[in-house]
Amino acid sequence: MTQQPFELPHFYMPYPARLNPHVDEARAHSTAWARQMGMLEGSGIWEQSDLDAHDYGLLCAYTHPECDGPALSLITDWYVWVFFFDDHFLEIFKRTQDRAGGKAYLDRLPLFMPMDLSTPMPEPENPVEAGLADLWTRTVPVMSADWRRRFAVATEHLLNESMWELSNINEGRIANPVEYIEMRRKVGGAPWSAGLVEYATAEVPASVAGTRPLRVLMETFSDAVHLRNDLFSYQREVEDEGELSNGVLVLETFFGCTTQEAADTVNDVLTSRLHQFEHTALTEVPAVALEKGLSSAEVAAVAKYTQGLQDWQSGGHEWHMRSSRYMNARARTTSPWETLTGRGTSAADVGALLVAAGAERLRAYTHVPFQKVGPSVLPDFHMPFRNQLSPHLAEARPRLTEWMHRMGMLQEGVWDEDRLAAADLPLCAAGIDPDATPEALDLSSHWLAWGTYADDYYPLVYGARRALAAARLTTQRLSDCMPLDGEQALVPANGMERGLIDLWARTTAEMTPEQRGTLKDSVNVMTESWVWELGNQLHHRVPDPVDYLEMRRATFGSDLTMSLCRMGHGPAVPPEVYRSGPVRALENAAVDYACLTNDVFSYQKEIEYEGEIHNAILVVQNFFGVDYPTALRVVHDLMTQRMEQFEHVAAHELPVVYDDFDLSEEAREIMRGYVTDLQNWMSGILHWHRTVDRYKAEHLAGRTHGFLPDRAPVLPLVG
């Protein structure tokens, strides 16, 4: 017997696995269905013995324990189809590294998922197409148009991101951890599985389906499902198939550690994602239900869906423990239900479960604020792009000071001219857009100053007072400062609102309604993320690494930056290009580099002087239980890999996107300019951090922190 590459870790699984009584019915139905679709004898992929050994009927019976027999059979057919697709794509395109053939194959599949069932489908040419056509026709009639759209997008992501895996195999390239988590959600299929959980339990109301709490439930569910699968499938994927998309391999490579150490770390992240799921379900989901005014029936639907995701976690784990598809020898469960019910493959060590899970959860709530940490240590940043500055910088500085006075943001006890000068936001704008006109440089400087001021305002005005409700109301008022269709903006209550009203009018004067909507959404994402930070501050909770990095993009105003960068690109670049995986990967790599740059420079300011908990270095220290130098090395390594990924995508993946979308030369030139804009953005932000006083130890030691000492704070009308 082949030796295992590592011992499976002690899994955190607090929910009991339950078995649907219709399991035999689902097995028999799915076997007949797979044969009818051509997936068995003669397919060259599976024989009857393969399907029997994998036992997808058992998987679905464990993951959907409460649905009736026909629903379980349909869901099982979906899983037979998706696993057949995975093996089919592997044999036909991954093993042969046929990218062109793989793309042509994937391009046809959306034709078998029409939103309107009266739309004719093409004739299926293989078992994957035949299965998808049949399943779509049987599933969507009982689901809403909103669910159809979301499930079709999840299915397309699952299918199309297989090209990302194929490209990485072609290049012999192992993803960095952030890139891997993002792409694994798409190619791993758990968001798709969440859609089938809705089918089996209750459909999520459209009014909350896109909110952060429901998104986090789905994403934490996805991450835990995928990381668990990576642990069980490492031997088959990495050692047999030559697969590079495996979380254990990713961390093994990133940290330069042993396979066992990487596996244990993957399990730590898995546990953390389950904790995040529980925290969100118990705190954020009830809040958004109240905020959106859900009916009792809608609240019950969300609760059923949440329970369905929990059932999937425990059932999926149990199936991995039993299926011949995976490495599960000597696997240990940590479900305390094993010893109580007698089910499962091994007895649990309940004490170990409580100690391990409790220690990790406790660390997130026990950080001591305002610790003296000393000056921030600055590593040797990898920055391959040269910084350039606008020649209009000197004139922009006094104009920003005058604007801040006129808007009233220097009279509220939060900033004065000294704090404004220490931030020197025109310097940042001059590096981000060195070719800007004086007017464009002013607009960029004013946006940066408004965002930085507001980011300081929220924790200072609301955090210390624990005024979360007032912060939510302020956030809604800020949204109302951005009218879309010419309606009157509200009367400003403070400088922050007055500044946003002014910026909105100047920025959107020549925009289309669609562009205004995109820009407003991006500002809303940023302001709502500041409320998320206040919630963590209220709970004294250091976020987990994945949630932190994803929300950091929002708190940094990344969507706003990208929206402003794209506004002048015009119709030559189709919106589908910006939604493509490589372009999103390029943008996220740039954003993460900039966000982590800020965290490195602001460590002393935030940890020692402000009692802040939202800093990547602190998040790494807290999660891994390491010291500052070690955490800094981890963050710096991640910054370097994100920059290298940016360079890789720009050089190798974007040209393929241009060809795939058959872009004109004008559109290609616009996209090359967009890459240059992002390069300037990263180099300008790094240069700004190196230069300004805002983060320097001598400046921090010599200034008063909190509200200005010579004036009483002007609190908003809503507080």
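A few notes on this one:
- Solvent-accessible area per residue in segment 534-668 equals 33 Å², computed with a 1.4 angstrom probe and all protein chains kept.
- Residues whose amide H comes within less than 5 Å of that of residue 414, counting only those at least five positions distant or on another chain, are 708 (H built at 1.01 Å from N in the peptide plane).
- Using the Stokes-Einstein relation with a Kirkwood hydrodynamic radius computed over Cα pairs, the translational diffusion coefficient of segment 143-268 at 20 °C and a viscosity of 1.002 mPa s comes to 138 µm²/s.
- Cα centroid of segment 72-121 to Cα centroid of segment 22-50, whole Å: 16
- Note on residue 206 and residue 100: the model spin-label points, each 7 Å out from Cα along the C-beta direction, lie 4.3 nm apart.
- Placing one equal scatterer on every Cα of the chain and applying the Debye formula, the log10 ratio I(q)/I(0) at q = 0.08, 0.10 Å⁻¹ is -0.67, -1.06.
- Carbon/sulfur fraction of accessible area - segment 202-262, other protein chains in place, 1.4 Å, %: 53
- Anisotropy class assigned to segment 543-650 is prolate, per the alpha carbon gyration tensor with a/c at or over the 1.5 cut-off and a/b larger than b/c.
- Reciprocal mean inverse distance between Cα atoms of segment 378-501 - Kirkwood radius, Å: 16.0
- Segment 1-152 shape via C-alpha gyration tensor axes, a/c threshold 1.5: oblate
- For residue 660, solvent-accessible area (1.4 Å; no DNA, RNA or ligand), Å²: 60
- Alpha-carbon centroid distance for the pair segment 531-563 / segment 413-463, whole angstrom: 20
- 16 Å Cα-Cα reach of residue 94 towards lysines, excluding residues that sit fewer than 8 places from it in its own chain: 103
- Helical mean residue ellipticity (222 nm; -39500 (n - 2.57) per DSSP H run of 4+; nearest 500) of the chain: -20000 deg cm²/dmol
- With the simple spin-label model, which puts each label point 7 Å out from Cα in the Cβ direction, the residue 405 to residue 479 separation comes to 3.6 nm.
- Three-way shape call for segment 2-43 based on the alpha-carbon gyration tensor, with the a/c threshold at 1.5: oblate
- Of the peptides 682-689, 103-110, the ranking by mean beta-carbon count within 10 Å, highest at the top, reads 682-689, 103-110.
- Protein heavy-atom accessible surface, 1.4 Å probe, per residue over segment 360-474: 45 Å².
- A 1.4 Å probe run over the protein chains yields, for segment 1-136, 42 Å² of accessible area per residue, whole-number rounding.
- For the residue pairs 372/605; 186/292; 186/304; 186/520, the C-alpha atoms sit more than 20 angstrom apart in 186/292; 186/304; 186/520.
- Projecting the Cα positions of 131, 63, 100 onto the charge dipole of segment 1-133 (unit charges on Cβ atoms of Lys, Arg, Asp and Glu, taken about the Cα centre) puts 100 furthest along the positive direction.
- q = 0.16, 0.20, 0.25, 0.31 Å⁻¹, segment 80-123: log10 I(q)/I(0) [Debye, one scatterer per Cα]: -0.52, -0.73, -0.91, -1.06
The values are calculated or read from the model by the stated rules, or taken from the named source; none is laboratory data. Source: prediction; values computed, not measured. With ideal geometry, Cβ positions are generated from the backbone for all residues, glycine too; neighbour counts draw on all protein chains shown. When the accessible area is computed, the model is the full protein with side chains, heavy atoms only, and any ligands, DNA or RNA have been set aside. Shrake-Rupley method; radii C 1.70, N 1.55, O 1.52, S 1.80 Å.
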